[in-house]
Amino acid sequence: MFSGKDALDNFAATIIKEQIEAHSASVLGLATGSTPLGLYDRLQQMHRHGLDFSGVTTFNLDEYLGLSGDHPASYRHYMQEHLFAGINVPKSNIHIPDGTANDVEAECAAYEKAIMAAGGIDIQVTGIGHNGHIGFNEPGTEFGCTTHVVTLDESTRQANARFFDNSLEQVPRQAVTMGIKTIMQARKILLLASGKDKAEAVAGALEGSVTTRLPASVLQLHPRVVVLLDEAAAAGLAHDNPMVKHLA
């Protein structure tokens, strides 16, 4: 675990930097929300110091259903503002689910095909929701699902209302998300969590039973998960979990 968010973000960025330097055509799975903001800031700094993203391909975990890419609360807008505007990844290599697709089921199927065509995801970045969701895979989501439409839990909508002028009514009720199977097919998964409000979900995911009631618990079954926590998020752990990376 890490003493603070800065150290956590630096370590996460170094993992991705090493991946890109080893394989310039790396495929990255990316997340949104508050958790990865520091990571994305570090990656932009690394680009300014020479890290080349020109061969990188990206796939985002999710997008709100019904929001166009220019909506200020859309994840496409978030990614452009917080990462893509500051690195040189080609626009054609950026993939984010289309929340305004006329045929959303076809959009989900096309997203899966695009991931496969890119050779699969090398590193998938994810946070964890207060209810244990990963991506927008809410409690009860089957582990075998691929990219799909999900109805958001009220707790998730309430947590995200801060991105919609603190108006719950403005938060969409559905989203398109990579499925749990899709996430688990990534060759490496990087789970980031910080803050005491995530401690209960983290402890359940890493030390509890593997159950669809807490979707992130499925990560226990992945062979290459790296968990980066600050001390507050790790406070609920009873044991020294081998998935948790410690600052040397």
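Side notes on the structure shown:
- Where a residue in segment 107-130 is closer than 22 Å to HIS222 by Cα and its partner, wherever it lies, is modelled with pLDDT under 95 and in a loop (DSSP other than H, G, I, E, B), with Cβ under 7 Å and at least six apart: GLY127/GLY33; GLY127/THR35
- Here SER155 clears all of (1) within 21 Å of SER68 (Cα to Cα); (2) at pLDDT below 95; (3) not basic (Lys, Arg) except the condition numbered (1).
- When segment 208-242 is limited to residues that are assigned to a loop (DSSP other than H, G, I, E, B) and of a type in the set (A, V, I, L, M, F, W, C), the one that is farthest from SER194 (Cα to Cα) turns out to be VAL210.
- Checked against the criterion of being over 25 Å from LYS17 (Cα atoms) and either surrounded by fewer than 18 Cβ atoms within 10 Å (Cβ to Cβ) or within 17 Å of the chain's Cα centre (by Cα) (or both), the candidates LEU237, LEU191 yield just one match: LEU237.
- Conditions (1) touching a Leu at 6+ places or on another chain (Cβ under 6 Å); (2) at negative phi; (3) at pLDDT 95 or above; number of the one not met by LYS245: (3)
Condition check ((1) under 22 Å from GLU138 (Cα atoms); (2) under 19 Å from the mean Cα position of the chain (by Cα)) across all residues:
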| position | (1), (2) |
| --- | --- |
| GLY4 | no, no |
| HIS49 | no, no |
| VAL56 | no, yes |
| ASP62 | yes, yes |
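- Among residues that are in contact (Cβ under 8 Å) with a residue 24 or more places away in the chain and either crowded, with 17+ Cβ neighbours inside 10 Å or of a type outside the set (A, V, I, L, M) (or both), ASP98 is included.
- Answer residue from segment 194-234, given it is among the basic types (Lys, Arg) and closer than 23 Å to GLY4 by Cα and is surrounded by the fewest Cβ atoms within 10 Å (Cβ to Cβ) among those: LYS196
- Sole exception among (1) in contact with a Lys or Arg (Cβ under 8 Å, 6 or more places away or on another chain); (2) over 22 Å from ALA101 (Cα atoms) for CYS145, by number: (2)
- Test: residue in segment 61-81 that is buried (at least 17 other Cβ atoms within 10 Å of the Cβ) and farther than 22 Å from VAL150 by Cβ: yes
- Those residues of segment 201-248 which are without any contact (Cβ under 8 Å) to a residue 24 or more places away in the chain and either among the aromatic types (Phe, Trp, Tyr) or within 16 Å of ALA12 (Cβ to Cβ) (or both), in sequence order: ALA248
- Here ALA7 passes the criteria (1) within 21 Å of LEU191 (Cβ to Cβ); (2) surrounded by fewer than 22 Cβ atoms within 10 Å (Cβ to Cβ); (3) in contact with an Asp or Glu (Cβ under 6 Å, 6 or more places away or on another chain) except the one numbered (3).
The values are calculated or read from the model by the stated rules, or taken from the named source; none is laboratory data. Worth saying up front: this structure is predicted, and the values here are computed from it rather than measured. Here Cβ is always computed from backbone atoms with ideal geometry, including for glycine, and neighbour counts include all displayed protein chains.
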